[in-house]
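Enquirer: Can you keep this structure in mind? I'll have questions shortly.
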Amino acid sequence: MARDRFINWDRLAERPSLEQIRTLLFTYLDGMVGVYVEEIKRQGALHGFFVNLSGKCKRHGEESPRWFEVVIGALSYDVLTREMDDITNDIADGVARLMARKFKGKIEVSDLSNRLLTPAEEKAGVQ
């Protein structure tokens, strides 16, 4: 299932730098076999990260690589998955929760239908 996990801050000065997010990703994913992180660049500037995970998931009846993105916004980061399996979503959820906790951000999760999940639904693992 596709899911966006927005981590928001009230002021730009509160939002962590891309270097801090890179460090968080490498620390969180350390020890996972076959994981690599690519930089996403737009017009030559770093815009976020593309995280490739080991293993495959079933998409539309076919196997596809597992991956998620971390994209920078004006006052937020978006940790997003597109039609991924539970394993990919769980790892992306963990990254988003750690980012919100470590950098004191507010997290909002939106599922495929774009309905925001309540904190109780998110805690219960509602998809």
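Results for (1) over 18 Å from Trp67 (Cβ atoms); (2) surrounded by fewer than 17 Cβ atoms within 10 Å (Cβ to Cβ); (3) at pLDDT below 95; (4) aromatic (Phe, Trp, Tyr), shown as yes or no for each residue.
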{"residue": "Ala2", "(1), (2), (3), (4)": "no, yes, yes, no"}
{"residue": "Ala13", "(1), (2), (3), (4)": "yes, yes, yes, no"}
{"residue": "Glu19", "(1), (2), (3), (4)": "yes, yes, yes, no"}
{"residue": "Phe26", "(1), (2), (3), (4)": "no, yes, yes, yes"}
{"residue": "Leu29", "(1), (2), (3), (4)": "no, yes, yes, no"}
{"residue": "Leu53", "(1), (2), (3), (4)": "no, no, yes, no"}
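Enquirer: Have a look at Lys58, Lys41 and point out the one that is in contact (Cβ under 8 Å) with a residue 24 or more places away in the chain and more than 15 Å from Ala92 (Cα to Cα).
Expert: So the residue among Lys58, Lys41 that is in contact (Cβ under 8 Å) with a residue 24 or more places away in the chain and more than 15 Å from Ala92 (Cα to Cα) is Lys58.
Enquirer: Among (1) out of contact with any Gly (no Cβ under 6 Å at 6 or more places or on another chain); (2) among the hydroxyl-bearing types (Ser, Thr, Tyr); (3) over 17 Å from Phe6 (Cβ atoms), where does Thr81 come up short?
Expert: (3)
Enquirer: Give me the residue from the stretch 55-73 that is farther than 29 Å from Ala13 by Cα and out of contact with any strand residue (DSSP E or B) (no Cβ under 7 Å at 6 or more places or on another chain) and, out of that set, surrounded by the most Cβ atoms within 10 Å (Cβ to Cβ).
Expert: Among those that are farther than 29 Å from Ala13 by Cα and out of contact with any strand residue (DSSP E or B) (no Cβ under 7 Å at 6 or more places or on another chain), it is Arg59.
Enquirer: Let me ask another. Return the residue satisfying two criteria in turn: it lies in the stretch 84-127 and is assigned to a loop (DSSP other than H, G, I, E, B) and of a type in the set (Asp, Glu), and of such residues it is modelled with the highest pLDDT.
Expert: So the residue we want is Asp85.
The values are calculated or read from the model by the stated rules, or taken from the named source; none is laboratory data. Quick caveat, the model's predicted, so the values are computed rather than measured. So basically every Cβ, Gly included, is an ideal-geometry build from the backbone, and we count neighbours across all protein chains shown.
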